[in-house]
Amino acid sequence: MTENGFRAEEIDTSRPHPARIYDYLLGGKNNYEVDREAGDRLAAAAPEVWSGVRANRDFLRRAVRHVVDSGIRQILDIGTGLPSSPNVHEIAREVAPDVRVAYVDNDPIVNTYANVLLRGSAATSIALADLRDPRAVLDHPEVRQVIDFEQPVALLLVAIVHFLTDAERPERVVATLRDALPAGSFLVLSHATGDFADRSAASAVYNTATATLNLRSRDRIERFFDGFTLVEPGVAEVPFWHPDAPPPTRPGEIGYYGGVGRKTG
């Protein structure tokens, strides 16, 4: 048993993991051959994936700055993935040094790397938990150590909900998390889509991974913001959500939507 509560044999390196595929596509080194092979198959099926993951990462950066500029001082980042600088706490603290961040992921490897990165920071924590069990996420001691649910929270679900199948009732998962947030909180969410091209072959790459990829349409993604008031321009292709420079792509070239909503009641 390790200090983080799992055994080495529990780390599944025989199948691709979404966090490690994403790390590979971002140019990271915390991945295995099986993840790199999956990433290459994904890029062959959907060449825009290389620019898409970077556009999604840029959306995260802009959205975090927006919520912190709006007064948020605590962030719950679920499905954080492997550390990729600048990390959420680094982005947030460029705006306000007192921001607290709780990271959550279900991959023990992510947990290990993040623990090393965050060691010694009382204002940042990492929890090994799964979005499929939102109540366990909310009640996790590492989350509760950092997040006060009596005060507004920014909930980050960036490129994670599309790994929930319809059978896992993703709207209900998001609603459970929403209901735990007080008024003034934010939801930051991005999600892969097949609206602009047939990406069934790309989705199929994840059939042998630890989670499947479930592409959804814009109107379906908007439902995740029920109970939130969307910040303009609403759910948009990620390069076009509050760009801080001219978008490097044209509409329809990136297969991710993103949005930010505020809970007003």
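The values are calculated or read from the model by the stated rules, or taken from the named source; none is laboratory data. Note that the structure is predicted; figures quoted are calculated from it, not measured. Every residue, glycine among them, receives a Cβ derived from its backbone with ideal geometry; neighbour counts consider all protein chains shown. Just the protein is used for accessible areas: all its heavy atoms, side chains included, with ligands, DNA and RNA removed. Shrake-Rupley method; radii C 1.70, N 1.55, O 1.52, S 1.80 Å.
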- [ ] Please state which of the following conditions A167 fails to meet, knowing it meets all the rest: (1) free of Cβ contacts under 8 Å to residues at least 60 places away in the same chain; (2) part of a strand (DSSP E or B); (3) hydrophobic (A, V, I, L, M, F, W, C).
- [x] (2)
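Can S121 be described as more than 18 Å from the chain's Cα centre (by Cα), at pLDDT below 95 and polar (S, T, N, Q)?
Details: more than 18 Å from the chain's Cα centre (by Cα): yes; at pLDDT below 95: yes; polar (S, T, N, Q): yes.
In short, yes.
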Open item on the list: When the residues of segment 237-265 are narrowed to those that are open to solvent by less than 20 Å² (accessible area, probe 1.4 Å) and assigned to a strand (DSSP E or B), which ends up farthest from P152 (Cα to Cα)?
Closed with: Y257
Task: Within segment 199-228, considering residues that are within 17 Å of Y257 (Cβ to Cβ), in a loop (DSSP other than H, G, I, E, B) and not hydroxyl-bearing (S, T, Y), the one most open to solvent (accessible area, probe 1.4 Å) - done: D226
TODO: List the number of the failed condition for T229; all other conditions in (1) over 19 Å from R132 (Cα atoms); (2) touching a Gly at 6+ places or on another chain (Cβ under 7 Å); (3) touching a residue at least 40 places away in the same chain (Cβ under 8 Å) hold.
DONE: (3)
TODO: Starting from segment 71-98, take each residue that is without any contact (Cβ under 8 Å) to a residue 40 or more places away in the chain and list its partners that are part of a loop (DSSP other than H, G, I, E, B), counting only C-beta distances under 7 angstrom and pairs at least six apart or across chains.
DONE: H89/V99; A92/V99; R93/V99; A96/R73; D98/R73
TODO: Please enumerate the residues belonging to segment 37-60 that are crowded, with 16+ Cβ neighbours inside 10 Å and of a type in the set (D, E, K, R).
DONE: R41, E48, R54, R57, D58
Task: Yes/no for S190 being open to solvent by less than 60 Å² (accessible area, probe 1.4 Å) and within 25 Å of R135 (Cβ to Cβ) - done: yes
